[in-house]
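The numbers here are math on the coordinates, done by the rules we state, and not lab data. Bear in mind that the values here come from a model prediction, so they are computed numbers and not experimental data. We place every Cβ from the backbone using ideal geometry, glycine too, and count neighbours over all the protein chains shown.
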Amino acid sequence: MMKKTVSFFVTVLMTVNFLMAQSLAEGIKDLDYEKNKSAMDVLQKTFNANPKDPQAIYWLGQAMIANGNVKGAKDLYQKSLADGVNDPWIWVGQGHTDILLGGDINAAKQKFEQAITATTETRGKNKGKPAVGILNAIGRANAIGHDASGSSAKLGDPVYGIDKLKQAATIDPLTTNPDIFINMGILYLKTGGEQGGEAVKAYQEAIQHDPKNARAMYRIGLIYKSQNNLESLTKYFGDAIAADPTFAPAYLALFDYYSLKDVNRAKEYIDNFLKYADKDPANDVYYADYLFRAGKYNESLAKVKEIDAAAGAANVPQLNILYAYNYNKLGDSVQAKSYAEKFFATAPPELIKPENYDIAIDIFSKFPGSEAQTASYIQKAIDNDTSRINKGNLMDRAGAMYAKSKDYANQMIWMQKKIDLNGGRMGEYDYFQMTSTALNMKDYTKTIDLAKKYMAAFPDKPQPYSIFRRASVLSDPDTSGPVIANLIYLDSLYYIQGIEKRRSDIFKNLYYMINYYVYKTKELDKALDVANKMLELYPAPGGEENTYASGAKGQIETGIEKLKHPPAPARQGSKSSGGNPPK
């Protein structure tokens, strides 16, 4: 009887452990699939069933982090320690929450190293090696941010995390958890966008260990999406869906891509996303976004209000930008501006997309004096965007905004930022924009300098020469002299290009010079040289140019002759020869 009783209890214990492991795995999968509320429900039940189990505690804290409750996760880990669960999993969880709450990264690393030391094997084939799960959790702690994606979080030490994950991958290569490589890929991206290639390699390594790993395929797709590489993003998001048709994030990524390009195609993806994602008002916001993209502004606004009533904009920050979108289209700029301000003031960086700033520029440009506020939003978007193309487009929008308000100095600043982004390389349009803006600024010295560089880079374009001449003339309104040197320089370039091509341009400059020498400086000898150059350009009598030059030359020669042989002064008392004397 005693043996039967013991056997019964062993069987029950094994069953409980099996069910607990099963529910833990289910909760972790929900986290991987970004079904954060489902994960919270499952992992809370797992914890409730065994509140002293270190992994149940750790993963419940991870679910709290994914749902934005970092403080709750920290409190959970601290309470568990106070309750006697002094375990390496809890130490790693503590270090993770310390990082996310802006704590000392070195103090967090001390907890991680303590966990490594405590789990290092002292015998057997893995003697001297730490527990793989702990190393992976440390990598996760440095990878995963507030939004559970880590792609935009600036927290943690990526290099440290990568080192620990590489160590984990070598301990038992044949049975390596693919999540090790996924966390590694996230960390590579956190070191900088130029590490995208290394991130792709890490994700592909995860796929080698698990050919059906939709999460790794999806993350490769995200990299190509950031590069606007349609062929590659379509392949990898498609692979993720083929590997697991219930993987909702891939549908959402495709909806996000097509919502700005093909709203009808986007509808298919949002429907599938909502089918497989958590039933959550926060996810319904994407359907409201679809309605807006489809031009159904009143329906979209009604949906936004419905979600707001159910969940509140404080919990779903995207509602504010959708309010702004719809009110803007419906002609209520005041409401649109108010909600846009709320969105940018409250939304975490990872929820702000480049197109959100497009609408901000559109809305705020209707309110004179809001340019600086809009520019600050644009700078934030640039700082949180890994795509050089997106950064450049945002800089263009900022420049156009300042051009519209005739704030040419700030327009120049943003154009220079775009040039710096491109490594200092300037195309013909860049030169034209920069020189034109400098001219609008009335910074004639800068305009002349830029125009010279423009002429050197694109000698066959007419714009730099005309801008150079305008700036030279405008820089010398009282005709005091500097303009003449610039016009002589300009003519030297014209002669190199050929008289036949530049004849009329040279004549215009000579016309300015002849007037300067005659009326301003009274240097008639120089004026005569100019008149002769005019006649060399147009020697044939009868034309307008030749007629002008011939007449001017005759008058100048007469003037010179008078200066050489001035008339003798009239003798006192002599009569005037010019008609009848005044009565």
**Request:** Excluding ILE241 itself, calculate the net charge of residues whose Cβ lies under 13 Å from the Cβ of ILE241, where each Lys or Arg counts +1 and each Asp or Glu counts -1.
**Result:** +1
**Request:** Mind pulling the angle between the C-alpha long axis of helix 248-258 and the longest principal axis of the chain? Nearest 10 degrees, somewhere in 0 to 90.
**Result:** 10
**Complete:** Taking every other residue with Cβ under 12 Å from the Cβ of ALA531 and scoring Lys and Arg +1, Asp and Glu -1, one gets -2
**Helix-only [θ]222 nm of the chain, DSSP H runs n ≥ 4, -39500 (n - 2.57) each, per residue, nearest 500** = -23500 deg cm²/dmol
**Message:** Tell me the angle of helix 105-119 to the major Cα principal axis of the chain, expressed in degrees between 0 and 90 and rounded to the nearest ten.
**Reply:** 30
**Request:** Give the relative contact order (percent, whole number) for the chain; include only Cα pairs under 8 Å separated by 6+ residues.
**Result:** 5
**Message:** Counting pairwise Cα distances across the range 211-279, what percent come out greater than 15 angstrom?
**Reply:** 46
**Message:** Going by average Cβ density within 10 Å per residue, which order do the peptides 207-220, 366-379, 298-311 take, highest to lowest?
**Reply:** 207-220, 298-311, 366-379
**Message:** Just want to confirm a number: the relative contact order over the range 476-562, from Cα pairs under 8 angstrom separated by 6+ residues, in percent.
**Reply:** 21
**Message:** What is the angle, in °, between the Cα long axis of helix 408-421 and the longest principal axis of the Cα atoms in the chain? Nearest 10 is fine, range 0 to 90.
**Reply:** 60
**Prompt:** Got a sec? How would ARG469, ARG388, ARG425 order by Cβ neighbour count within 10 Å, fewest to most?
**Reply:** ARG425, ARG388, ARG469
**Prompt:** Quick one: PHE47, PHE344, PHE458, fewest Cβ neighbours within 10 Å first, how do they rank?
**Reply:** PHE458, PHE344, PHE47
**Message:** Restricting to lysines 8 or more places apart or on different chains, can you count the pairs in the range 476-562 with Cα atoms under 14 Å from each other?
**Reply:** 4
**Asked** Just the projected area, averaged over all directions, of the convex hull on the alpha carbon atoms of the chain: how many nm²?
**Response** 46.3
**Fraction of alpha-carbon pairs over 16 Å apart in the range 476-562 - percent** = 52
**Asked** How do SER80, SER333, SER466 rank when sorted from fewest to most other Cβ atoms within 10 Å of their own Cβ?
**Response** SER466, SER333, SER80
